[in-house]
Every structure is written in C-alpha cells, then in structure tokens.
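Here is the structure we will look at.
The values are calculated or read from the model by the stated rules, or taken from the named source; none is laboratory data. Quick caveat, the model's predicted, so the values are computed rather than measured. Using ideal geometry, Cβ is built from the backbone for each residue, glycine included, and neighbour counts are taken over all protein chains shown. Side chains included, ligands, DNA and RNA excluded: accessible areas come from the protein's heavy atoms. Shrake-Rupley method; radii C 1.70, N 1.55, O 1.52, S 1.80 Å.
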Amino acid sequence: MHIDELPTPALWADLDVLESNIAEMARRLPGNRLRPHVKAHKSTTLATLQYEAGHKGFTCATPREVLGLAQAGLGDDLLLANETVDVNRLTEMATSGARVTVAVDSEATITAAATAGIKECVIDIRVGFRCGCEVEEAHGLAELARKSNIGVRGVMGYEGHAMGVVDLERRRELMESAMERLIQAHEVVGGDLVTGGGTGTHAINTWVNEIQAGSYVLMDTAYTEQVDQPFRQGLFLQSTIVSVAEKFAVCDAGLKAQGMDHGNPSWSGGEVLFCSDEHTNVVPDNTLKVGDRISLVPAHIDPTMAKHQSLHIVRDEQVIDRWEIDLRHW
Ligand SMILES: Cc1ncc(COP(=O)(O)O)c(C=O)c1O
C-alpha cells in the first residue's frame, strides 16, 4: 500500500531513518553504555531492534512499560526510572520474571518497593527539576534500602533542564553542574550504576556510565537544532486536505493526533499556521486541493506515539508493516 492510501490521520515511520539512527547510536554508545528509554516509542517491536543492536537493558517511565517488555522477553535488565508507591504494580513487576530495578528517592518509595518484594533499586538524585532526593539524603536512603533487603545498584540523575538547550557550551555547563551532584551522591551510595542523560546530552555526558536516551530513534524537532546531533527525524503524521480557502488549507490531523507541548508540527511543503482539535491549518508553497495528502512532522515524538495504537512502517513511500504501540497507558 502507498502511504497516500492510509486512512488518516495515520502515524508512520521511515524505516531507513529509524534503522540508521539505531545503528549510529549503537556505534557511539555500544552495548550497555546505552540503556534505551522506551517511553519515546512505547513499542516492543522497536525495542527488539534496539536489543538486537546490542542494548540488553532498558529504561522505562511506567510500570506498563516494564511489564510489557518483560512479557515480550526483553526483561534482562529493566530500570523503572521513576518513582511509584503503587504496591500492586510493584508486586506485578517483582513477579514478572524480569530483572527489575526501581528508582527510589524517599522512605515511602523504599517501603513500597520492599513490601512488593522488589530486589534492586537506584537512588534517584535531584540534579534538576524532576524527582530525586538531595545529595545529603542519599546515604541514609541507601542504608534504609539495604536494611529493607533491596540491593542498591547505584545512583540515577536526569539532567532534563540541560537536554533541549541548543547552545552546546551552555548545555555542557548545565549538565556538568548537575553531574557533579550525581557523582557526590555516588561516592556515598556506592554501586556499579551511574545512570542518566538523554538524546540531548548523549555526546557530552561522560560522567554517567550509561545513557538513557530514547528520542534518538525518531527525533524531536528541538534536538535537530543541536549541532552535535547525528540523528534524523523519521516520524510523520499523514493527513488529508479536507478544505481549501484562499490563503490556507486545512488537513484532518489536529492536536488530538500529536503531542503539542513542543509546539506546532513542521511541514516541508509550506508553513504550519496552527493546530486545533482535529485540524491543522497550513499555507502551502504550491496549490493544494481537497483530497491531497500531506505529511506533518510532529515536534515531540513521545506524546505523539502515546496517542496512536499503531505505527505504519514505510520504505520508499510504501507501507511495508504495522507495529503495535503496545506499551501505552500506565
Ligand atoms: C528519566 C529520563 N531519562 C532519560 C530521558 C531522555 O530521553 P530523551 O532521549 O528522549 O531525551 C528522559 C526524558 O524525559 C527521562 O525522563
């Protein structure tokens, strides 16, 4: 089937781009130097390609991602890089048959993990603006985890505030001050793992011993403005022009079909004016007529993937496969 025959809106990925991004990252950060974050794509099929490229451990944001990877036989080493006090879900993870490590940053998260029978954790350190404990609390929390029969594998710190900064020197500065805190915490916590980083810092964060990048597989628009990114954008939202006015045209893929927190999608055929619930208004460089198809490029891949049930796989404009986005929800 040609992409123009897809019922729209439809999400599709350029397989050549996807494969070359995965291969390039595996060359830069081989094996366990990368723990791919599956929240970016939420697909066990895509995770299998990353596994086959040599990355046997995964980073997850939700219990659902952990359980889905475990069920798919990809449970060699799963890190829930997020806090939860949900004992039922923690118990499901503990009994999933996978090696599961959870991030903890408080007594409450340690108690919940211990009650559920979780065997391993990392101490999550606040190096930015998300979860994590203060460096000064790290030792006490590690002691508590060990007393609660939870092995402490090391520390985690996600420098999210540095990730999207375009200026390389500014990004490096922000990352370094964050990582100084992480290393201080590691000195008192111990363990083999110092885990953090993402697509935006994968090339400059030499402080951690594993990078948790995820978006590199299909790429966000903001990352493509960074000079040190070798990855290309490969995710598209296929839509149909449903109305044409004198100065603009309207297609049938709006904000309900894509993540908008990073702003408007881009489009190679002209300017994107704005998105509403079910529509995007564009100003085409060349005349468009009702029924024409256009491919928008969503600005932020994570929330876009989470809005779709399946991803069409395309080579040379032909749909050659369809992968379930099977790790959605929580
Ligand atoms: C804990 C954690 N690690 C790593 C990442 C990096 O992901 P990406 O490569 O998509 O920037 C994120 C993204 O939000 C995250 O929350």
Exercise for review: Search the range 51-64 for residues being buried (at least 24 other Cβ atoms within 10 Å of the Cβ) and within 12 Å of the ligand (Cβ to nearest atom), and hand back the single one that is nearest to Arg328 (Cα to Cα).
Suggested key: Cys60
Practice item. Output yes when any residue across the range 303-326 is in contact with an Asp or Glu (Cβ under 6 Å, 6 or more places away or on another chain), polar (S, T, N, Q) and outside the structural domain of Val85 (by TED's automatic domain parsing), and no when none is. Key: yes
Exercise for review: Go through the range 82-104 and give me each residue that's under 21 Å from Tyr158 (Cα atoms) and either touching a Phe, Trp or Tyr at 6+ places or on another chain (Cβ under 7 Å) or buried (at least 24 other Cβ atoms within 10 Å of the Cβ) (or both).
Suggested key: Val100, Thr101, Val102, Ala103, Val104
Revision key, fill the gap. Restricted to the range 207-256 and to residues being open to solvent by 10 Å² or more (accessible area, probe 1.4 Å) and in a helix (DSSP H, G or I), the residue nearest to the ligand (Cβ to nearest atom) is Ser215
Revision key, fill the gap. Checking Arg89, Arg99 in turn, the sole residue that is more than 16 Å from the ligand (Cβ to nearest atom) and in contact with a Pro (Cβ under 8 Å, 6 or more places away or on another chain) turns out to be Arg89
**Study point:** Qualifying residue in the range 168-185 (condition: in a loop (DSSP other than H, G, I, E, B) and under 27 Å from Gly54 (Cα atoms))
**Key:** no
Check your understanding: Which of the residues that make up the range 138-155 are open to solvent by 10 Å² or more (accessible area, probe 1.4 Å) and touching a residue at least 24 places away in the same chain (Cβ under 8 Å)?
Key -> His139, Leu141, Leu144, Ser148, Asn149, Gly151, Val152, Arg153
Check your understanding: Looking at Gly190, Gly164, Gly197, which one is open to solvent by 30 Å² or more (accessible area, probe 1.4 Å), small (Gly, Ala, Ser) and in the same structural domain as Ala142 (by TED's automatic domain parsing)?
Key -> Gly164
Practice item. Residues being in contact with a helix residue (DSSP H, G or I) (Cβ under 7 Å, 6 or more places away or on another chain) and either part of a helix (DSSP H, G or I) or modelled with pLDDT under 95 (or both): count how many of those fall in the range 14-36. Key: 4
Practice item. Test Thr8 against the criterion of being farther than 22 Å from Gln229 by Cβ, β-branched (Val, Ile, Thr), in contact (Cβ under 8 Å) with a residue 12 or more places away in the chain and not assigned by TED's automatic domain parsing to the domain that holds Trp207, and give yes or no. Key: yes
Review point. For the range 133-146, does any single residue satisfy the condition of being within 14 Å of the ligand (Cβ to nearest atom), of a type in the set (A, V, I, L, M, F, W, C) and assigned by TED's automatic domain parsing to the domain that holds Val104?
Key: no
**Study point:** Yes/no for Asn264 being open to solvent by less than 40 Å² (accessible area, probe 1.4 Å), away from the ligand (no atom under 16 Å from the Cβ) and under 29 Å from Val165 (Cα atoms)
**Key:** no
Point to revise | Output for the range 144-170, where each listed residue is more than 17 Å from Gln212 (Cα to Cα) and of a type outside the set (Gly, Ala, Ser) | key: Leu144, Arg146, Lys147, Asn149, Ile150, Val152, Val165, Val166, Asp167, Leu168, Glu169, Arg170
